[in-house]
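Colleague: Sharing a structure with you now.
Please treat every number below as a calculation from the coordinates, not as lab data. Quantities reported herein were computed from a predicted structural model and do not represent experimental measurements. Note: ideal-geometry Cβ built from the backbone for every residue, glycine included; neighbour counts use all protein chains shown.
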Amino acid sequence: MGFQIHVTDPDQYRPFEASLKLLAAVLQLYPDEFQWKAPPYEYEYEKLPIDLILGGDHIRKALETGTAISELRMQWQPELDKYIHQSREFHLYK
């Protein structure tokens, strides 16, 4: 049996943050059963696949230590805001 999630305000929904919250919940609820997928992954034979997907090991390690997602967001938000501001002139739609 599945469930559905309805995004009622797309400007407020943060899919990357939601994914991290789900991962954090799984890590918290099932610490002994959960395992990150081991290498290899595509062309990489040493790094964990999640580290490749997330662009490094910083977020994985933060999740493993129980760092709040809101704290992580505060770290990346300034760069994200800068990107959004710079890219606006290239958007065709809002």
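Colleague: Looking only at the stretch 40-84, count how many residues are within 17 Å of E17 (Cβ to Cβ), touching a Phe, Trp or Tyr at 6+ places or on another chain (Cβ under 6 Å) and in a loop (DSSP other than H, G, I, E, B).
Modeller: Number of matching residues: 0.
Colleague: Please state which one of S87, S70 is hydroxyl-bearing (S, T, Y) and closer than 19 Å to A24 by Cβ.
Modeller: S70
Colleague: Pull out all pairs, ordered by first then second residue, where Cβ-Cβ is under 6 Å, the residues are six or more apart or on different chains, the first lies in the stretch 22-38 and is free of Cβ contacts under 8 Å to residues at least 40 places away in the same chain and in a loop (DSSP other than H, G, I, E, B), and the second is of a type outside the set (G, A, S) and surrounded by 11 or more Cβ atoms within 10 Å (Cβ to Cβ).
Modeller: Close Cβ pairs satisfying both conditions: F34/V26; F34/L27; W36/L48; W36/I50; K37/P49.
Colleague: Okay, next question. Select, from E64, E46, the only residue that is acidic (D, E), in contact (Cβ under 8 Å) with a residue 12 or more places away in the chain and either farther than 30 Å from K94 by Cα or surrounded by 14 or more Cβ atoms within 10 Å (Cβ to Cβ) (or both).
Modeller: E64
Colleague: Moving on. For S87, only one of the following conditions fails: (1) exposed (fewer than 11 other Cβ atoms within 10 Å of the Cβ); (2) assigned to a loop (DSSP other than H, G, I, E, B). What is its number?
Modeller: (2)
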